[in-house]
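A short worksheet on the structure shown next.
The values are calculated or read from the model by the stated rules, or taken from the named source; none is laboratory data. On a predicted model such as this, the values are computed, not experimentally measured, just so you know. Positions of Cβ are backbone-derived with ideal geometry, glycine not excepted, and every protein chain shown enters the neighbour counts.
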Amino acid sequence: MPASQKPPTPAPTSGSAPAGLFDYAPAPESRAIVEIKPSYELFIGGEFAAGTGGTLKTVNPATEEVLAEVAVASAADVDRAVAAARTAYDTVWSKLPGSERAKYLFRIARIIQERSRELAVLESIDNGKPIRETRDVDLPLVAAHFFHYAGWADKLSYAGYGPDPRPLGVAAQVIPWNFPLLMLAWKIAPALACGNTVVLKPAETTPLTALAFASICQQAELPPGVVNIVTGAGETGAALVAHPGVDKVAFTGSTEVGRGIARAVAGTSKKVTLELGGKAANIVFDDAPIDQAVEGIVDSIFFNQGQVCCAGSRLLVQESIEQELLDALRRRMSTLRLGDPLDKNTDVGAINSQAQLARITALVEAGEQEGAERWSPPCQLPGTGYWFAPTIFTNVSATHRIAREEIFGPVLSVLTFRTPDEAVAKANNTPYGLSAGVWTEKGSRILSVAKKLRAGVVWANTFNKFDPSSPFGGYRESGYGREGGAHGLEAYLDV
Ligand code: NAD
Ligand code: MG
């Protein structure tokens with residue numbers, strides 16, 4: 001995340017250091033600003049409407065408290081949502097001039113800013129991520145995305161896609177649970193700016209901010225049917241992407257599901273973008289500023305509990321500084337505060353679901369069985385909820401599962417290299433190609449290494465830095481298509 005969006009680094013904590021004079025007092029954010037209803041309906045045609053596919057429960061992963069019951073959209077409900085989106089597209093949205101669409105998007109962006117505290121608290125409760133992140137990273141970026149694409153709505157003729165680029169129609173959008181509202185913004189803002197209407201399905205474990213967004217659409221008086229939200233799990237998502245009435249499919253999530261979606265839409269005229277997994281290398285050369293690199297490594301793998309597709313989950317460190325860097329990293333990890341996501345001092349929150357915790361645990365066990373050496377700082381995990389201590393593995397070989405598979409958790413695999421060529425070869429030795437990091441004082445080395453890395457994004461002397469004007473997306477098993485900036489418009493235009 002951008003350094004400017006981050007509060008100062010916290011001092012050592014009671015979690016790991018001896019209790020004493022400099023302990024942090026709890027600083028919980030109040031959840032009084034959020035009203036969670038006992039149950040939620042679908043959002044179709046501008047109204048909340050009952051679903052016919054049963055219900056699911058969403059929990060607070062930090063406490064296992066059931067937060068609400070949420071409707072599951074059946075195939076018939078998806079059909080109604082797509083029909084509402086089609087009507088809105090044909091009769092209103094595709095006919096509005098871009099300058100009018102922009103007004104709605106600006107209005108939505110401003111309401112998000114006004115309600116940002118409420119949305120940040122809600123996101124932390126439903127997802128488990130620290131309030132420091134939802135407040136300082138997710139929400140500012142969500143608003144920035146809507147502002148950015150509001151600005152494009154009346155300038156599409158100047159975006160490089162011809163004098164009068166046309167929208168595609170109805171977009172089916174399926175998003176994951178790791179950045180629920182931010183992924184919604186990445187999908188909905190460019191779609192609407194280009195003149196499409198949408199049916200979006202949030203992840204089953206994090207539906208609440210998408211439903212709050214539905215109420216923002218009402219508040220902004222967005223014409224009914226321009227945005228529809230259907231909640232549910234994989235079956236609902238499958239019905240949505242396969243629906244013959246959709247013209248565009250946008251998916252972010254696992255490579256496995258992405259592959260299935262690519263197969264399901266093959267042979268149709270649907271335009272598809274897929275943003276899938278990653279196994280990014282974060283490469284630290286011997287001339288890198290060690291303390292800065294350590295901060296970057298912590299950011300790259302412990303931000304959002306490592307549940308980030310572009311997480312720097314493989315640390316490649318030049319052999320001559322391995323010991324020094326690992327000593328500094330272990331010291332820094334011992335200061336990370338794990339616990340209540342709503343505490344403003346928390347660095348590491350809860351894992352999003354029991355299923356995700358089980359996946360992380362299984363891969364970490366595989367790492368130990370294959371002979372890698374596991375280390376975590378002393379860290380007391382709360383008794384209820386889903387938690388995993390920040391973990392590093394050393395003695396990792398390139399063939400280990402923890403070096404190849406996406407763990408999607410707070411687990412770093414450390415590998416070493418001797419020469420820049422070896423670093424590049426190891427970094428590229430993955431079926432993925434989403435992101436990478438390079439740490440060195442030499443500008444020329446940054447450029448020469450970055451050019452050889454097969455990754456959609458390469459960060460230099462920083463990591464996990466996002467901006468709505470900057471395109472994001474992968475190669476190979478990380479998917480295809482770009483989100484963000486002028487590049488992100490292409491996915492929603494008939495070009
Ligand atoms: P997933 O791919 O199963 O779920 C992502 C979204 O797709 C959810 O909304 C889900 O309901 C929906 N979905 C599931 N099956 C579908 C289908 N057949 N058709 C259409 N939509 C479907 O991801 P997950 O189970 O939540 O996580 C599994 C793994 O995926 C993680 O361990 C991680 O490696 C990866 N992941 C990656 C990202 C990312 O940002 N790239 C995000 C979440 C998860
Ligand atoms: Mg939840």
Leading residue by the ranking (nearest to Ala350 (Cα to Cα)) among those in segment 68-91 that are among the aliphatic types (A, V, I, L, M) and surrounded by fewer than 20 Cβ atoms within 10 Å (Cβ to Cβ): Ala68
Whichever residue in segment 194-222 is of a type in the set (A, V, I, L, M, F, W, C) and over 30 Å from Ser157 (Cβ atoms) and, among such residues, is nearest to ligand 2 (Cβ to nearest atom): Leu208
Residue that is modelled with the lowest pLDDT, among those in segment 22-36 that are more than 20 Å from Ser215 (Cβ to Cβ) and hydrophobic (A, V, I, L, M, F, W, C): Phe22
Enumeration of residues in segment 215-237 that are touching a strand residue (DSSP E or B) at 6+ places or on another chain (Cβ under 6 Å), within 21 Å of Leu119 (Cα to Cα) and within 16 Å of ligand 1 (Cβ to nearest atom): Asn228, Ile229, Val230, Thr231
Segment 270-310, subset in a strand (DSSP E or B) and away from ligand 1 (no atom under 16 Å from the Cβ), residue nearest to Thr440 (Cα to Cα): Val284
Contacts under 9 angstrom Cβ, first residue in segment 315-329 being of a type in the set (D, E, K, R), partner assigned to a strand (DSSP E or B), 6 or more apart: Glu319/Thr416; Glu319/Phe417; Glu322/Thr394; Glu322/Val414; Glu322/Thr416
Enumerated strands (runs of 3 or more DSSP E) restricted to segment 371-426, each holding at least 2 residues that are outside the structural domain of Gly128 (by TED's automatic domain parsing) and aliphatic (A, V, I, L, M): 411-417
Candidates Asp77, Asp138, filtered to the one that is in the same structural domain as Gln218 (by TED's automatic domain parsing), within 16 Å of ligand 1 (Cβ to nearest atom) and over 23 Å from the mean Cα position of the chain (by Cα): Asp77
Meets criteria (out of contact with any strand residue (DSSP E or B) (no Cβ under 9 Å at 6 or more places or on another chain), within 16 Å of ligand 2 (Cβ to nearest atom) and assigned to a helix (DSSP H, G or I)) for Leu181: yes
